[in-house]
Amino acid sequence: SSKTFWMTTGMFPQELIIGFPKCVKISKVAIQCYLVRTLRIERSTSKDPVGFQQCIEKDLQHREGQLQVEEFPLPEFQATYLRFIIKSAFDHFVSVHQVMAEGT
């Protein structure tokens, strides 16, 4: 829902894990967030959310008063879980408003 979001508790790093019903192929990940400075995306193909491997880590641009809209085109990979690690922020609290994964 565009009316809901996930907010950090104020200390970093913070992480958000998204699970899929089965292993899927992903070619692009997009996120809408607010005040995130450094974001790392990891993947796991395990049945449980363990054994993550890093896909990308990026410093995001600060956009005062606006959502950060970031797209990460990636070489196609398989994942059962995606872990988003917010390593640092531009403020004490950040929010994640939408996460999208494209693929098959």
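The values are calculated or read from the model by the stated rules, or taken from the named source; none is laboratory data. Note that the structure is a prediction, hence the values are computed from the model and not measured. Virtual Cβ from ideal backbone geometry, glycine too; neighbours counted across all protein chains shown. Ligands, DNA and RNA are excluded from the accessible area calculation, which covers all protein heavy atoms including side chains. Shrake-Rupley method; radii C 1.70, N 1.55, O 1.52, S 1.80 Å.
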* Could you count how many residues in segment 55-86 are open to solvent by less than 80 Å² (accessible area, probe 1.4 Å), among the charged types (D, E, K, R) and over 27 Å from residue 23 (Cβ atoms)? -> 1
* Name the one entry in 17, 56 that is at negative phi, modelled with pLDDT of 95 or more and among the aliphatic types (A, V, I, L, M). => 17
* Of all residues in segment 87-99 being assigned to a strand (DSSP E or B) and in contact with a Lys or Arg (Cβ under 8 Å, 6 or more places away or on another chain), the one that is surrounded by the most Cβ atoms within 10 Å (Cβ to Cβ) -> 89
* To do: Look through segment 1-34, keep the residues that are under 11 Å from residue 83 (Cα atoms) and out of contact with any Lys or Arg (no Cβ under 7 Å at 6 or more places or on another chain), and return whichever of them is surrounded by the most Cβ atoms within 10 Å (Cβ to Cβ).
  => 14
* Asked: Taking into account only those residues within segment 35-54 that are open to solvent by less than 80 Å² (accessible area, probe 1.4 Å) and farther than 17 Å from residue 14 by Cα, which is nearest to the chain's Cα centre (by Cα)?
  -> 44
